[in-house]
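The values are calculated or read from the model by the stated rules, or taken from the named source; none is laboratory data. Not measured: the values here are computed from a predicted model. Here the Cβ is made from the backbone with ideal geometry for all residues, glycine too, and neighbour counts use every protein chain on show.
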Amino acid sequence: MFETLSDRLTQVFSSLRGRGRLSQADIDATCREIRIALLEADVALPVVREFIARVRERASGAEVSEALNPAQQIIKIVNEELIEILGGEARRLRFAKVPPTVIMLAGLQGSGKTTLAGKLALWLKSQGNTPLLVAADLQRPNAVQQLQILGQRAGVAVFAPFPGNGVGDPVQAANLGIAEAQHKLYNVVIIDTAGRLGIDEDMMQQAADIRDAVDPDEILFVVDAMIGQDAVQTAQAFLDGVGYDGVVLTKLDGDARGGAALSIRQLTGKPVMFASTGEKLGDFDVFHPDRMASRILDLGDILTLIEQAERTFDEDQAAAMAGKLASGEGFTLEDFIEQLAMVRKLGPIGNLLGMLPGAAQNREALSQVSDKDLDRAAAIVNSMTVEERRNPKIINGSRRARIARGSGVTVGEVNQLIVRFLEGQKMMRQMMGSMPGMPGMRRQSKTRGKAKKKGKGGGRPVGANRGAQSARQALEQQAGLGAAAASGGLGNGAGPASLPGLGALPGLGGDGALKLPQSGGQGAGQSSLPAAFRGRPDKKGR
């Protein structure tokens, strides 16, 4: 959604790089370009004026003039002001002292309230709560049935005392829902209310009646992030007519300009609490202003990537995989396929790489990355025998031809995968060998021979008696790569795209990691992509 804004800001800051001192003219030109970028992104004019005034004031002070790197200081100022506009810090739900906590959803029809009710219920369930969905949207056709299906998919109970389709009293449905939660000991009640195609008195009155009847602990205004400037007007009308405590942005995965997210909080004073980023029930999370600002400035969102990995991966499985990676040759093609399956659980590979610092500069390369290429690599390995997966060196010409026929690819693609996997194995052994104290690493053959002569039992790996590193520590170490890239500012490229908790992926890059080419540089086209991510060869690939 913020691609256009991110690209414009990246261009603005790249023009500042390399300058030892910034003049007032440089600051004015930079502020002018930032203003144009924000206006083109549909950010409300009052918000843009206030934002530019604060940036100009700070950029003209001693904070920048005395800095060793003024361009980096400007980026820091813009980042901090973006965080402030977006809300400063994440706002959490307020839970009632005496259950159940009542959450009421309000908004226009088509904004995604019913789907969001299911997402919120699933998220609350994952946090250890026992939510109950209450169907109080009795106007829209099949709204009750939609909520029941979403509740079934999320594994959450749905209370629907009326069939809907214009039949029933929404206020009574809300009251009965709270009584049902108290009777069956649900600790959270989510009330899905009706919307309209536009703001009208009947809709406002109905929402106000439900609010007065149930006295909700939280009223969340659901707004479609794709409606642009009108989102601010709608949010203000609901604030005046019904009132709410927080905003939920839906459809953030769309191609709209995203100005609503930067405007609503500043103009209404109400924080953005949650964001929906896809159609699946799991595409939902707390809105973090600092992470969103980092993504807009192309500094990456490593923390969100780490949290996704932690939710998806089993800790013992990740620790065992880390040990195999550290052992070098202990990492086989079977483990490689297991890693690919773990990556696929995180979601589309393009979205994951988009969270890495510098992704905006490699957007053309990212657009060529497809999950089908991962599936093709998996098909190649699955066409091998168990012996071949564990020892790829025995795969000769006839075996490669058989594997190619079995997986539906060319022999050239099989060759590329095997060669890059072996190169990745070699690179990991060299890398781990240069890190003293790494568990699972063996000494070089000469060193092992000397150790045996000295009676030190040279067959044991160094540090083998140590416990495997926990998944959390492995994830935090990987996050350090992203932090290092982010500290370099914009325009430094994505660097090796290792996924948190998984390490580098041998076989998908010549050095054991998926590398993205520099944007606009030599080799930025398809030919510079790793073999497993390229399109299929025009010829037989031999």
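Would you mention how many residues in the range 82-98 are more than 18 Å from Ile219 (Cβ to Cβ) and either touching a residue at least 60 places away in the same chain (Cβ under 8 Å) or assigned to a helix (DSSP H, G or I) (or both)?
8
Determine whether the range 385-397 contains at least one residue that is among the hydroxyl-bearing types (Ser, Thr, Tyr), surrounded by fewer than 15 Cβ atoms within 10 Å (Cβ to Cβ) and closer than 15 Å to Leu333 by Cα.
Within the range 385-397 (the criterion being among the hydroxyl-bearing types (Ser, Thr, Tyr), surrounded by fewer than 15 Cβ atoms within 10 Å (Cβ to Cβ) and closer than 15 Å to Leu333 by Cα), the answer is yes, since at least one residue qualifies.
Does any residue of the range 175-185 turn out to be closer than 22 Å to Ala237 by Cα and among the polar types (S, T, N, Q)? Spell out the reasoning first.
If we filter the range 175-185 for residues that are closer than 22 Å to Ala237 by Cα, which is where we start, we get none.
No, the conditions are met nowhere in the range 175-185.
Per-residue answers, yes or no, for (1) in contact with a strand residue (DSSP E or B) (Cβ under 8 Å, 6 or more places away or on another chain); (2) in a loop (DSSP other than H, G, I, E, B):
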{"site": "Glu80", "(1), (2)": "no, no"}
{"site": "Ser111", "(1), (2)": "yes, yes"}
{"site": "Gln146", "(1), (2)": "no, no"}
{"site": "Leu150", "(1), (2)": "yes, no"}
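Does Gly177 meet the test of being touching a Leu at 6+ places or on another chain (Cβ under 9 Å) and over 25 Å from Lys97 (Cβ atoms)? Can you show your working first?
On the way: touching a Leu at 6+ places or on another chain (Cβ under 9 Å): yes; over 25 Å from Lys97 (Cβ atoms): no.
For Gly177, the condition - touching a Leu at 6+ places or on another chain (Cβ under 9 Å) and over 25 Å from Lys97 (Cβ atoms) - is not met.
If Ile403 satisfies all but one of (1) aliphatic (A, V, I, L, M); (2) surrounded by 17 or more Cβ atoms within 10 Å (Cβ to Cβ); (3) more than 30 Å from Leu9 (Cα to Cα); (4) at pLDDT below 90, what's the number of the condition it fails?
So the condition that Ile403 fails would be (4).
Could you list, in sequence order, the residues of the range 137-160 that are closer than 16 Å to Ser111 by Cα and of a type in the set (Gly, Ala, Ser)?
Ala143
Considering only residues that are assigned to a helix (DSSP H, G or I) and basic (Lys, Arg), which ones fall in the range 183-234?
Initially, the range 183-234 is screened for residues assigned to a helix (DSSP H, G or I), giving 183-184, 201-214, 225-227, 230-234.
If the condition is that a residue be assigned to a helix (DSSP H, G or I) and basic (Lys, Arg), then Lys184, Arg211 are the ones that fit.
Filtering the range 107-138 down to residues that are surrounded by 20 or more Cβ atoms within 10 Å (Cβ to Cβ) and over 26 Å from the mean Cα position of the chain (by Cα), which residue is modelled with the lowest pLDDT?
The qualifying residue modelled with the lowest pLDDT is Leu108.
Across the range 243-275, what is the number of residues that are modelled with pLDDT of 85 or more and among the hydrophobic types (A, V, I, L, M, F, W, C)?
Selection size over the range 243-275: 7.
Of (1) at positive phi; (2) of a type outside the set (Phe, Trp, Tyr); (3) in contact with a Ser or Thr (Cβ under 8 Å, 6 or more places away or on another chain), Asp224 satisfies all except one. Which?
Tallying (1) at positive phi; (2) of a type outside the set (Phe, Trp, Tyr); (3) in contact with a Ser or Thr (Cβ under 8 Å, 6 or more places away or on another chain), Asp224 fails exactly one: (1).
For the range 224-236, indicate whether the set of residues that are without any contact (Cβ under 8 Å) to a residue 60 or more places away in the chain, closer than 30 Å to Val43 by Cα and either of a type in the set (D, E, K, R) or not assigned by TED's automatic domain parsing to the domain that holds Ala275 (or both) is non-empty.
Within the range 224-236, one or more residues are without any contact (Cβ under 8 Å) to a residue 60 or more places away in the chain, closer than 30 Å to Val43 by Cα and either of a type in the set (D, E, K, R) or not assigned by TED's automatic domain parsing to the domain that holds Ala275 (or both).
Would you tally the residues in the range 153-182 being within 37 Å of the chain's Cα centre (by Cα), of a type outside the set (Val, Ile, Thr) and not in a loop (DSSP other than H, G, I, E, B)?
Counting residues in the range 153-182 that are within 37 Å of the chain's Cα centre (by Cα), of a type outside the set (Val, Ile, Thr) and not in a loop (DSSP other than H, G, I, E, B) gives 12.
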